[in-house]
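> Have a look at the structure that comes next, please.
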Protein chains: 2
Amino acid sequence: MPMAYDNPCPTERTWPTPFRVLVCAMSNSENVSDTEAYSTPSPFPVRITPLTGLPEVAPDDDLARLLVEAAKRQRLVLRQGDVFVVAQKIVSKAEGRIVRLDSIEPSERAKRWAAEYHKDPRVIELVLREASSIVRMERGVVIAKTRDGFVCANAGVDISNTPQGTALLLPENPDRSARTLQEQLARTFGVHVSVIISDTFGRPWREGLVNVALGVAGMTPLLDYRGQHDPHGKMLQATVIALADELAAAGGLVMGKLDCVPAAVVQGVMMPEGSGSGRDLIRPAERDLFR
Amino acid sequence: MPMAYDNPCPTERTWPTPFRVLVCAMSNSENVSDTEAYSTPSPFPVRITPLTGLPEVAPDDDLARLLVEAAKRQRLVLRQGDVFVVAQKIVSKAEGRIVRLDSIEPSERAKRWAAEYHKDPRVIELVLREASSIVRMERGVVIAKTRDGFVCANAGVDISNTPQGTALLLPENPDRSARTLQEQLARTFGVHVSVIISDTFGRPWREGLVNVALGVAGMTPLLDYRGQHDPHGKMLQATVIALADELAAAGGLVMGKLDCVPAAVVQGVMMPEGSGSGRDLIRPAERDLFR
């Protein structure tokens, strides 16, 4: 049943007040005034550049320096608001979160479960140690909450992309890791850049992993549209966008699992000014229907 | 405890066999041979362009034509493998999935629940009609499985960004919608483009919504790395990446909730050849630990 509506999209419109065109990569728009930038639809594409050629990261490596060198090799011009998406793996490696499995003595519980599902009991032991609580442990899958509050497979313990006989743990505090990197990168480049420490997580109900944000620094991870009005004048009630997760996913498009691209730079995303942490993305248990 | 490792990232490496550099937007690499393309790290950025200036979409509008016109206005050069991410809202509007709320007679169940949580009983009635099953219905939130198998808030029924007094339902068959658009766009541009029909969904455990793929055409939605070997020679066991969801999330970076950007074009993503549907992204109930 066709209905006719007025076009609620104004040709000349203003951006919602909290938003600023922080970055317009791919354009020469730095000198555009706020008013001009707000009053036209964003014609600026977002650009995601893989950071390539990083060496294998080892404990105590200066990760910021490695990222800076990679960006310079690629002649990347960093601008205010650019976002570094950095794979958790290289952060964990730089922070020495590598565990030799032969140093792990599995508990009876880990042994029983590992035997039932043909897993390495030492890895299961690590998972149990990293977990603050087990959300599901069945059919060979452990979904656990980490001490930081992330709910993910194996409490983030990973045995892929690490040397044989070792496992990699999540960074002890991804937000702290992000802050440290962010400060070093901002200082080196002389502009305000943001950092997201990312990992690929599974989701209930949907197949496949997506890259999500664990640690966040230098930006607000959630875009809150609540209380703003859509073009039809209706107030938005429930719209909070997980910007940092969308940025991590976008970075994931160039950060393959096999191809030694452990970081990406996302440029040109319109971001509100603000700060926050990866912790903001973790839903408190009392608001979560699926624990 | 620092450990030293050999760098497992070969400088001269080959891409995993199923992968092809389908698109290298931002570069003049179309004539690069497969061998050359595989043997160097991808220096090609991914580019996400918002499609702006679309009119308010009404039932029976030719959506493909509107997208083509927008792309042409922006002088976008489409290449093989480019991905159109199209917001479900404009697809639903074009398909006439708009319901006048005054045509809805709420059931007693809908009335009771709506009264308890101060909701519009007609909207709740629509949600119950659209749902094939209710996953959670508590604290004012309805998480439901749609007939297509998507688990999401309100079974996809949306009252924002639609005219007053109306609600918008998900497309009847997002994969069919994607296929139709994909065929029309590919024909018009004369190259193989892909289409993702997207919507913003919440997730358990994490705050905020992210853009995900409902309908998919012209591409494989899942990148399956299982059986491939990481740089350390370990076989990957569980790594399947939800490429279509990462593409949808990347599109979400330029598709604001308020700013009348209902579509985006993602260019430059290395994609394997293949086909599939949005349905591939829905985890079958028997493999899901969270129903």
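> Relative contact order of the range B:98-166: what whole-number percent is it, with Cα pairs under 8 angstrom and at least 6 residues apart?
Values: 99 pairs, mean separation 17.8, N = 69.
The normalised contact order for the range B:98-166 reaches 26 percent.
> For B:Ile134 and B:His229, what is the calculated FRET efficiency with R₀ set at 60 Å and r taken between the beta-carbons, to the nearest 0.05?
Working: r = 43 Å, r/R0 = 0.72.
E between B:Ile134 and B:His229, to the nearest 0.05, is 0.85.
> Follow-up question, since we're still on this one. Using Cα centres only, tell me the gap between the range A:229-287 and the range B:190-269 in whole Å.
So the two Cα centres are separated by 13 Å.
> If you restrict to DSSP beta bridges whose two residues both lie in the range A:67-203, what percentage is antiparallel, to the nearest 5? Could you put the intermediate results ahead of the total?
On the way: 13 of 18 bridges.
Restricted to the range A:67-203, the bridges split so that about 70 percent are antiparallel.
> Right, here's the next one. Which aspartates and glutamates have a Cα lying under 15 Å from the Cα of A:Lys93, excluding residues fewer than 8 positions away in the same chain?
Excluding near neighbours in sequence, the set is A:Glu56, A:Asp60, A:Asp61, A:Asp62, A:Asp158, A:Glu172, A:Asp199, B:Asp6.
> Take every residue in peptide B:234-245, count the Cβ atoms of other chains within 10 Å of its Cβ, and give the average of those counts. Intermediate values should be presented prior to the final figure.
On the way: counts 6, 1, 4, 2, 7, 7, 6, 10, 11, 4, 2, 9.
Rounded to a whole number, the mean comes out at 6.
> So if the hydrodynamic radius of the range A:123-241 is defined as the Kirkwood radius over C-alpha pairs, what does Stokes-Einstein give as its diffusion coefficient at 10 °C and 1.306 mPa s, in µm² per second? Don't skip to the answer; put the middle values down first.
Values: Rh = 16.8 Å.
For these conditions, the coefficient is 94 µm²/s.
> Using per-residue counts of other Cβ atoms within 10 Å, averaged over each peptide, order B:108-118, B:49-59 from highest down. Can you show the working numbers first?
On the way: B:108-118: 13.5, B:49-59: 20.5.
Highest-to-lowest ranking by the protection proxy: B:49-59, B:108-118.
> Okay, moving on. Roughly how big is the range A:98-166's charge dipole about its Cα centre, with Cβ charges of +1 (Lys, Arg) and -1 (Asp, Glu), in debye to the nearest 20?
Values: 11 positive and 10 negative charges, 33 e Å.
The calculation lands at about 160 debye.
> While we're on this one: Summarise the partner chain shielding of B:95-105 as one whole number: the mean count of Cβ atoms from other chains within 10 Å of each residue's Cβ. Numbers along the way, then the final one.
On the way: counts 0, 3, 0, 4, 1, 2, 0, 0, 1, 0, 0.
Shielding by partners across B:95-105 averages 1.
> Can you tell me the order of A:85-98, B:207-220 when each peptide is scored by its average per-residue count of other Cβ atoms within 10 angstrom, highest first? Write out the running numbers ahead of the final one.
On the way: A:85-98: 23.8, B:207-220: 26.3.
Highest to lowest by the protection proxy: B:207-220, A:85-98.
> How do A:244-256, A:272-284, B:131-143 rank on mean C-beta neighbours within 10 Å, highest first?
A:244-256, A:272-284, B:131-143
> Let me ask something else. Hey, rough spin-label estimate for B:Ser275 and A:Lys111, points 7 angstrom out along Cα→Cβ, what's it come to in nanometres?
About 5.3 nm, to one decimal.
> In addition: Please give the average number of partner chain Cβ atoms lying within 10 Å of the Cβ of each residue in B:209-218, rounded to a whole number.
That works out to 3 on average.
> Straight-line reach from B:Lys119: which lysines have Cα under 16 Å away, leaving out those fewer than 8 places along the same chain?
The qualifying lysines are A:Lys234, B:Lys111.
> Tell me the total accessible area that B and A bury against each other, 1.4 angstrom probe, in square angstrom rounded to 100. Kindly include the intermediate steps, with their values, before the conclusion.
Values: alone 16310 and 16320 Å², together 23790 Å².
Protein heavy atoms only, the B-A interface buries about 8800 Å².
The values are calculated or read from the model by the stated rules, or taken from the named source; none is laboratory data. Since this is a predicted model, take the numbers as computed values, not measurements. No Cβ is skipped: glycine too gets one built from the backbone with ideal geometry, and neighbour counts run over all protein chains shown. The accessibility values were calculated without ligands, DNA or RNA, using every heavy atom of the protein model including side chains. Shrake-Rupley method; radii C 1.70, N 1.55, O 1.52, S 1.80 Å.
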